[in-house]
Each structure stands twice: as structure tokens, then as C-alpha cells.
Amino acid sequence: MPYYFDMSTNYRNYFAGETIFAQDEPGDCAYIVESGRVLISLQRDDQMLPILVVGQGEIFGEMAIIDRLPRSATAVALEDCRLCVVSRGSLDERVQRADPVVRLLLMMCIKRMRKMNSEVLIKTVDLEENQSIQDLNQMRASQEAVRAVKLEAQIAEAFKNGEFCMYYQPIVGLSTRVATGFEALIRWHSATQGALGPHMFMDALEESALMVPIGKWIIEQSLKDINTLRVLHKTNYTISINISARQLLEPDFVEHLESCRSSYKIRADEIKLEITERVLLQGEVALCAIESCRKLGYKVALDDFGTGYSSISYLREIELDVIKVDRAFTLHVLSHSKSKHITQSIMDLARALGLECIAEGVETEEVAKELVSMGCVLAQGYLFGKPEALKHYLGVHSAA
Ligand code: C2E
Ligand code: CA
Ligand code: CA
């Protein structure tokens, strides 16, 4: 018996002297050492050359997964060990999700380690053959890294040149069709590439430190513009602003928001901060910033509700004011009975918890009518208006 599973978890326990994996085997997982020590050795001729001892809190067996080559060494338990198993799928996903530059860095580190190891090894034919797969993976990783670095530089330049602007989409009362507020959505009018939507740059922006100054600008610009509209239309529209995780981690986030708000004399409860589950995964600091905003009267909306893994548990864990039902559900309320039941259940849940509910992505009259019959009060979508620049609304006195 080479190992036995811990009853309830993905831990494995090995006795001293047991082989955890052998050189040249295909790798299907990596291990984090919770207790005990593991000896990593290289085989040369008939001899095992010890190269490393891995102890508590260290990871091993990851190389074969990251560069998709067979195990380059043998791992044997030096003492009784308790190891947490990180599956190929799980590690792969984490590496793929990492910043492209970090991913490239990882691949390079592993390539160098393999090279160092192979200097004491007689190379096998298989290893030579696999070299081409490794080079291809590395080339892809380096292309992505270059793209990410370039995009970040372009975003910085564009921000300096004032190429970003805010668009506003009305949020309307479903029965009145009158706008009660607007959601601020960023656009990039690139001098070289034309108009670019957030899907072209938002991920890169959120990964970069530029999110902080650009996030501040988004808040300032949105409050300035909504103030202009409020004065012109003599209507106290609410403004919904998308907030990224990175912004909430800044120590002066609340202070900056408050200072912008007071410049334009907008009440805190007329500002909705739209956050996603991603924000909530940031831990205590982000949650504290959200809580401080709520104490000051800001409304907090959970965006894209229903698309994540744990939306419902977040309803219990943090205080919210609004949930926005994702377009994935509203789009299909007429054609897909499961979407209809899910949308209805979300609306019922919101009502039971005393939360405002906004249906996103309403494109047709039929869907709007169906949502009304479900008890939905507020909605947003192309049927009522696409996101537009401020100047679009300046001549329009009834916005929706
Ligand atoms: P979101 O916050 O869920 O914004 C709603 C998106 O749905 C917007 O896409 C909007 O244009 C689109 N939309 C609205 N109604 C309809 C409809 O009826 N049909 C269809 N097909 N689409 C509709 P957009 O502007 O491309 O923004 C995409 C995402 O980028 C946003 O999703 C948000 O997550 C992010 N984003 C946009 N602006 C900002 C920003 O200023 N700050 C941050 N942090 N994120 C932003
Ligand atoms: Ca949003
Ligand atoms: Ca959304």
C-alpha cells in the first residue's frame, strides 16, 4: 500500500521510506507538506543522488504539472508525512489564472531547474522529444506576457492622454419607464484602435496598479457628470459605480469617495457601489471598506448575481442593499423555463431579505412584461437605453 487517504480530505499520509512518486512517471498532482520531510533525488545510473529535502509548508511535485513533462525526480518520505494533494486540474487552473508575467516567470524558473538537474543526468530520448512541447508552451506564455505588459503600458498612456471616458446607462422603473438612476460604464476611445469596450482592457486594468488612479478618476468623473444631469433635469438620479477589488484595498478609498461626494453635494444613499463576488474574495480589508461605506449611507449592490459560485452565501455574510440579476437569466426568461424559475426565485429572495432588485440586460418588451409579472420594479437594458456619453443626455430632459 503506497499511501492511504485521509478519510475526509484530500490529504495523503505516507510512512517513512515510502516512495511518493518516481522519476519519469507522469505527474498528476503536486503536494504541500503539512508535516514530515520528503527527500527528492535524481537517479543516475544505478545511483540515487539526493538533491533536496522538502519540509513543512513547502510544495513539491509541481514541475511536471506546470511544464507538462514527466517527473524529473523521485520523492521518498524521510519520515511519516502528511501531504495535502493539489490536483493537476486545480494547479493548472491557478497557474493559468496568474498574471501572464508571473506565469512566464514560473515556466522559466522550472526550465532552469530542469536544466540544472539534467546536467547531472544522462538525457533520455523521451526528454529530448518533449522539449518541443515545452518550447511551445513557453512561447505561448511569453507571447501572453508580452501582450499583458504592452496592454498595461497602452492603458497608462491612454489614461495620461485622456482617452478614457464614462458612459451612462439608464436604470428605469419597469412600470413607469422613467430613469431613476444611471450606471457608469467606462469606455476607451483609443487614438490608434478606435472605441474599445471594457472586455478589451478591464481584466488587464484590474490586474494592474493603474486600477487605483483610474478607479479614482471613474468615481470623480461619474459624480461630476451625474451632478450635471441632476441639475439640468432637476431630478435626483442615483448613480451606480462599479468598484474593483483593488480600489477597496486602498487605505484612502472611503476618504476619497467622501471628498468627491461632498464636492457635488450628492447624498451617500444616492450612490450605489456595484461590487462582484471577486471583491468579496479579497478578505477583511475589502469587507471593512464596504462596511464603512454602508455606515456612511452608501448603497451596496451585488452585481452579476447568480453567476458566481457562492452568491447566496454572501447574502448571509455581508450587508447589502441591492442585487442585480445577471443578464444570463433575464435574457432567457421567456425561452428557458429554468431561467424563469431562477429569476423568479432571486426576486422572491430579494423581497424576503428587503433588498432592491435590478434586472440587467432587458432587450425586449416581452421580457420587460414578464419581469413586471414577476414583481420586478427596476431594470436596465438596451430596451430602455444603451450606455451613452454624457452629451447624449444633455439635450434630453426625460432621460429614458
Ligand atoms: P456590468 O457591470 O455587469 O455592466 C453591464 C454590462 O452589460 C455593460 O457592458 C452594459 O453595456 C451591458 N448591457 C447593458 N444592457 C444590456 C443589454 O440589454 N444587452 C446586452 N447585451 N448588454 C447590456 P460593458 O459596458 O461592456 O461593461 C462590461 C463590464 O465591465 C461591466 O459589467 C463591469 O463589470 C465592467 N466595467 C465597466 N465599466 C466599469 C468601471 O467603470 N469600473 C469597473 N470596475 N468595471 C467596469
Ligand atoms: Ca455593474
Ligand atoms: Ca452586471
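A compact table of results
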item	result
Residue list for segment 297-332, filter: within 10 Å of ligand 3 (Cβ to nearest atom), open to solvent by 30 Å² or more (accessible area, probe 1.4 Å) and of a type outside the set (Gly, Ala, Ser)	Asp304, Thr307, Arg327
Members of segment 223-245 that are under 19 Å from Phe164 (Cα atoms) and in contact with an Asp or Glu (Cβ under 9 Å, 6 or more places away or on another chain)	Ile226, Ile239, Ser240, Ile241, Asn242, Ile243, Ser244
Near pairs, Cβ below 6 angstrom, 6+ apart or cross-chain, from segment 21-48 (free of Cβ contacts under 8 Å to residues at least 40 places away in the same chain) to any residue that is among the hydroxyl-bearing types (Ser, Thr, Tyr)	Ser41/Thr74; Met48/Ser41
Segment 278-305 residues that are on the phi < 0 side of the Ramachandran plot, paired with ones that are modelled with pLDDT under 90 and away from ligand 2 (no atom under 15 Å from the Cβ) (beta carbon under 6 Å, 6 or more apart)	Leu280/Tyr314
Candidate set from segment 55-87 (those that are within 26 Å of the chain's Cα centre (by Cα) and assigned to a helix (DSSP H, G or I)); member that is modelled with the lowest pLDDT	Ile66
Conditions (1) of a type in the set (Gly, Ala, Ser); (2) at pLDDT below 85; (3) outside any helix (DSSP H, G or I): number failed by Ser90	(3)
Residue that is farthest from Lys150 (Cα to Cα) [pool: residues in segment 82-117 that are open to solvent by less than 70 Å² (accessible area, probe 1.4 Å) and acidic (Asp, Glu)]	Asp92
Segment 233-262, residues that are surrounded by 16 or more Cβ atoms within 10 Å (Cβ to Cβ), away from ligand 1 (no atom under 13 Å from the Cβ) and of a type in the set (Val, Ile, Thr)	Thr238, Val254
Positions within segment 173-210 being within 16 Å of ligand 3 (Cβ to nearest atom) and among the small types (Gly, Ala, Ser), in sequence order	Gly181, Ala184, Gly197
One residue from Asp321, Asp252, Asp269 being more than 19 Å from the chain's Cα centre (by Cα), within 26 Å of His392 (Cα to Cα) and not aromatic (Phe, Trp, Tyr)	Asp269
Residue match in segment 180-191 (condition: in contact (Cβ under 8 Å) with a residue 60 or more places away in the chain, open to solvent by 80 Å² or more (accessible area, probe 1.4 Å) and either assigned to a loop (DSSP other than H, G, I, E, B) or more than 14 Å from ligand 1 (Cβ to nearest atom) (or both))	no
Hits in segment 349-368 (condition: assigned to a loop (DSSP other than H, G, I, E, B), touching a residue at least 24 places away in the same chain (Cβ under 8 Å) and more than 21 Å from His336 (Cα to Cα))	Leu353, Leu355
Per-region count, segment 192-221, residues part of a loop (DSSP other than H, G, I, E, B), within 18 Å of Glu157 (Cβ to Cβ) and free of Cβ contacts under 8 Å to residues at least 40 places away in the same chain	3
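The values are calculated or read from the model by the stated rules, or taken from the named source; none is laboratory data. Computed from a prediction, not measured in an experiment: that's the story for all the values here. Please note: Cβ atoms are built from the backbone with ideal geometry, for glycine as well, and neighbour counts cover all protein chains shown. Accessible surface is based on the protein model in full, side chains and every heavy atom, while ligands, DNA and RNA are left aside. Shrake-Rupley method; radii C 1.70, N 1.55, O 1.52, S 1.80 Å.
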